Structures are given as C-alpha cells and as structure tokens.
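Before any comments, here is the structure.
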Amino acid sequence: MLSFKSNKLKMLELRKVDESKIEDLYQVIHKCSVWMNDKKGMDHWVNYYTREVLLKKFKQGEVYIDFVDNLPIATFSYSTEPLDYYVTNNDGPKGETINYVELYPSSHLDDTKAFYLSTLAVDPDYQGKGIASKLLELVEAKAIELGCNVVRFDSRMAFKEVINFYLKRGYKKVGK
C-alpha cells in the first residue's frame with residue numbers, strides 16, 4: 001500500500017488489488033465510462049469494460065485502485081507484455097486482426113522494454129485535483145523499477161483534454 005496527499009484532497013491510499021476488488025474496479029471504470037459517453041460522446045469504454053474484461057486485467061498484469069476514505073476513486077493497471085487488444089482484435093476494415101505492436105512499435109531500438117499502461121481513470125467527481133498526475137508519476141517510477149524504458153498506452157484522439165494531459169508531461173503521439 002502507498003499513501004500520498006493531494007493538494008486538494010485528504011490522504012489518498014493506493015493499493016495493489018486482486019480479483020476480490022472487482023466491484024471497486026468496476027465502480028470506478030463504469031462511472032468514468034458513463035461520464036465519457038454522456039459528456040464527451042465517447043462510448044468505447046461503456047461497451048468494452050464489462051466485469052469479465054476487467055477480471056482479465058488481473059491475469060495480464062497488476063491492478064491498482066486509489067481510495068479516499070475507503071471509497072474507490074481512481075485506478076490504473078499495467079503489464080510488461082502487450083495487452084490483448086494490441087495483438088488480438090477485429091479492428092481491420094474486414095474484421096481482421098491488426099497487430100498494433102508491429103504497426104506502431106514502441107521504439108526502433110532493439111533494447112526497448114515497454115511498460116503497457118491501461119485504464120488510467122479518475123472518478124469524474126475527483127478530477128482536476130492532481131490525482132491523475134500523481135498516478136502517472138507512480139506509473140513512471142514503477143516502469144523504471146521494472147527496467148522499462150518506454151511507457152505505452154492508448155488514448156482516443158478526440159479526447160483532447162487527455163491528449164494534452166500526456167503531451168504536457170512529455171509524452172509523444174505515436175500512430176494515429
């Protein structure tokens with residue numbers, strides 16, 4: 001468990017969690033999904049992140065949930081292996097698989113070791129308080145600890161606020 005204080009919140013408590021916390025994970029993801037759909041017109045999480053899909057995250061890597069007063073308010077997960085949807089999907093024009101790892105390599109260097117970040121999400125009621133920035137700092141520290149030299153994740157280009165969040169922190173767009 002790791003605790004930290006946000007300038008605008010009480011003490012936050014980041015916990016690495018297991019499958020027993022699926023409802024807490026689902027609560028954060030679902031609330032963010034509905035908010036993105038209603039406020040931004042982006043439905044890609046609403047239709048994708050079922051409890052079954054979220055349970056797979058525990059098998060693919062590590063899942064963390066941030067709590068304030070035992071209320072789940074934020075989450076992220078990661079793996080040092082490509083996530084399923086990077087290599088197993090039906091995204092091609094005729095439903096064929098697109099291998100995003102090959103299409104958009106993390107680097108052209110042979111010694112690249114990627115850290116795959118997924119579902120960095122903050123409950124809409126807690127956004128704008130520095131939580132995502134703090135979580136990203138922790139993500140970067142974990143990537144370094146694991147010997148990774150690239151942090152890789154996906155974001156919808158239409159979600160300008162999120163794109164700008166990452167660009168302001170030194171990340172670069174790779175792919176479309």
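Taken together, the values in this text are just the output of simple stated rules run on the coordinates, not laboratory data. Remember, predicted model here, so these are calculated numbers, not experimental data. All Cβ positions, glycine included, derive from the backbone under ideal geometry; neighbour counts span all protein chains shown.
With respect to the cross-link table entries K94/K134; K59/K113; K16/K94, which display a Cα-Cα separation exceeding 29 Å?
Details: K94/K134 41 Å; K59/K113 20 Å; K16/K94 39 Å.
Among K94/K134; K59/K113; K16/K94, the Cα-Cα distance tops 29 Å for K94/K134; K16/K94.
What order, most packed first, do the peptides 12-24, 129-141 have when packing is the mean number of other Cβ atoms within 10 Å of each residue? Walk me through the intermediate numbers first.
Working: 12-24: 15.4, 129-141: 17.2.
The most tightly packed comes first, giving 129-141, 12-24.
Given 0.36 nm per residue, what is the gain on full extension from L146 to F165 after removing their alpha carbon distance, in nm? If you can, show how the numbers build up before the last one.
Working: separation 19, 0.36 × 19 = 6.84 nm, distance 2.40 nm.
Full-extension gain reported as 4.4 nm.
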